[in-house]
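Every read-out reported here was derived from the displayed coordinates using simple, explicitly stated rules and does not represent laboratory data. Just so we're clear, the structure is a prediction, and the values are computed from it rather than from any experiment. Every residue, glycine as well, gets a Cβ built from its backbone with ideal geometry; the counts of neighbours run over all protein chains shown.
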There are 2 protein chains.
Amino acid sequence: MGKGARTRATILAAAAETACLAGFDGLNLQPLADKVGMTKSGLYAHFGSKEALQIATLEYAAELFQARVVAPAKTEGAGLPRLAGVFGRWLEWPANAALPGNCPFFAGVVEFDDAAGPVRERLVRLFRDFRAVVEQLVASAVRHGHLGAGTDPAQFAHELLALRYAHHWAQGFMHDPAADARTRAAFARLVGGRA
Amino acid sequence: MGKGARTRATILAAAAETACLAGFDGLNLQPLADKVGMTKSGLYAHFGSKEALQIATLEYAAELFQARVVAPAKTEGAGLPRLAGVFGRWLEWPANAALPGNCPFFAGVVEFDDAAGPVRERLVRLFRDFRAVVEQLVASAVRHGHLGAGTDPAQFAHELLALRYAHHWAQGFMHDPAADARTRAAFARLVGGRA
């Protein structure tokens, strides 16, 4: 990795932390430059605008998510074990990527709810791509006979995402100490007690 | 209703609309005074602070929710019909209370996520109270034999709230045209196809 790429990676690691703690709207060039010990103009040379920095941070977080949540499935048994593994690691995200605070993608949902533009579009695509991954895992679990033959992968994926999204609410907003246990029980019910 | 109470109701109806469209943070005294044709000091005399206005608006929205979503259950058959009725009307809220835009309670979740204080506390209590209502409806459906004897009302209520919360995300953020159908299918699965 050249010096430019190293510097960029340092900035994005700091930016991802900021996004978890203060959202993407908190990604202002000056405070971030201070955090990584650069000048604002030096940081500006890498990203050019706050929006470009937000998108780069989203991409960086998506790569981390892929590496920490999705990729380990390769070493798990095909079908339901992989699906259960991904869901379990998703519950533990972003802490399992050494990120502080909350899921940056859910933070982005809130911030870009009404904000049409490239950041919102990128975030919607990230969710769609991940839902497609879940659908493939569900279809595989059906093929392996771990889930009923009548299982609709798209419907199943919607319900799985619902559980994770509700976990975010129950834990983050309601401070419900049972959020984890309820979510895992709901997952077990969703897969028919087979996970 | 005296003149003071009528004026207060007029202000709160306008404030609830604002909360649906722009969140509770959008409840500023001057624009709201303009909207209802009062002076800022006249409006101030009713609420005294933005925070007091936010709490009063939450209470007003909660009364509407009770009237439009929960109360009609009284005319429905006990057990599952009531549970299904409440869930269906919750999906149609806040449009079925003639409110524009999004659910004001979900808007509040976003805005008061990190904001400790009386508005957040009131909102958490509203969600807890409603979850308790759902738990009672589930327990009644179990007693009527509409749901399995082993159904845990608290777990069921968590999963029901998850579906509604995910609907908000799928429809409001993802603009998923299947959000309604997926949510209703998930509800049908949750109640074992008996609704």
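Put +1 on the Cβ of each Lys and Arg and -1 on the Cβ of each Asp and Glu in the stretch B:1-106; which of B:G37, B:W90, B:V69 then has its Cα farthest toward the positive end of the dipole? Among B:G37, B:W90, B:V69, the one farthest towards the positive end of the dipole of the stretch B:1-106 is B:G37.
Taking Cα centre as origin and charging only the Cβ of basic (Lys, Arg, +1) and acidic (Asp, Glu, -1) residues, the dipole magnitude of the protein assembly as shown rounds to 480 debye.
Over the C-alpha trace of the stretch B:94-138, radius of gyration and Dmax come out as 12.3, 32 angstrom.
The helix-only estimate of mean residue ellipticity at 222 nm for chain A, built from DSSP H runs of length n ≥ 4 each weighted as -39500 (n - 2.57), is -22000 deg cm²/dmol after division by the residue total. What the Cα convex hull of the protein assembly as shown gives, in volume per residue, is 152 Å³.
With its label point defined 7 Å out from Cα along the Cα-to-Cβ axis, B:A185 lies at 2.7 nm from the matching points of the other copies, in increasing order. Rounded to the nearest 20, the Cβ-based charge dipole of the stretch B:65-162 about its Cα centre (Lys and Arg +1, Asp and Glu -1) stands at 360 debye. Charging the Cβ of each Asp and Glu at -1 and of each Lys and Arg at +1, and nothing else, the dipole of the stretch A:41-121 about its Cα centre rounds to 340 debye. For helix A:153-172, what angle does its Cα long axis make with the longest principal axis of chain A, in degrees from 0 to 90 and rounded to 10? That works out to roughly 60 degrees.
With the charge dipole of chain A set up from +1 on Lys and Arg Cβ and -1 on Asp and Glu Cβ about the Cα centre, the Cα lying farthest toward the positive end among the listed residues A:G23, A:L190, A:V133 is that of A:V133. Between B:A178 and A:A132, the modelled labels are 1.4 nm apart [label points 7 Å from Cα along Cα→Cβ].
Kindly provide the Kirkwood hydrodynamic radius of chain B in Å, to one decimal, from all pairs of distinct alpha carbon atoms.
Answer for chain B: a Kirkwood hydrodynamic radius of 17.9 Å.
Shielding of peptide A:152-160 by partners, expressed as the average count of other chain Cβ atoms within 10 Å per residue Cβ, is 4. Across the copies of the chain, B:E76 has label points (7 Å from Cα along Cα→Cβ) spaced 3.6 nm apart, shortest distance listed first.
Sorted from closest to farthest, the other copies place their A:R122 label points 3.8 nm away, with each point set 7 Å from Cα along Cα→Cβ. Rounded to the nearest whole angstrom, the semi-axes of the ellipsoid equivalent to the stretch B:1-81, taken from the Cα gyration tensor as √(5λ), stand at 29, 14, 9, largest first.
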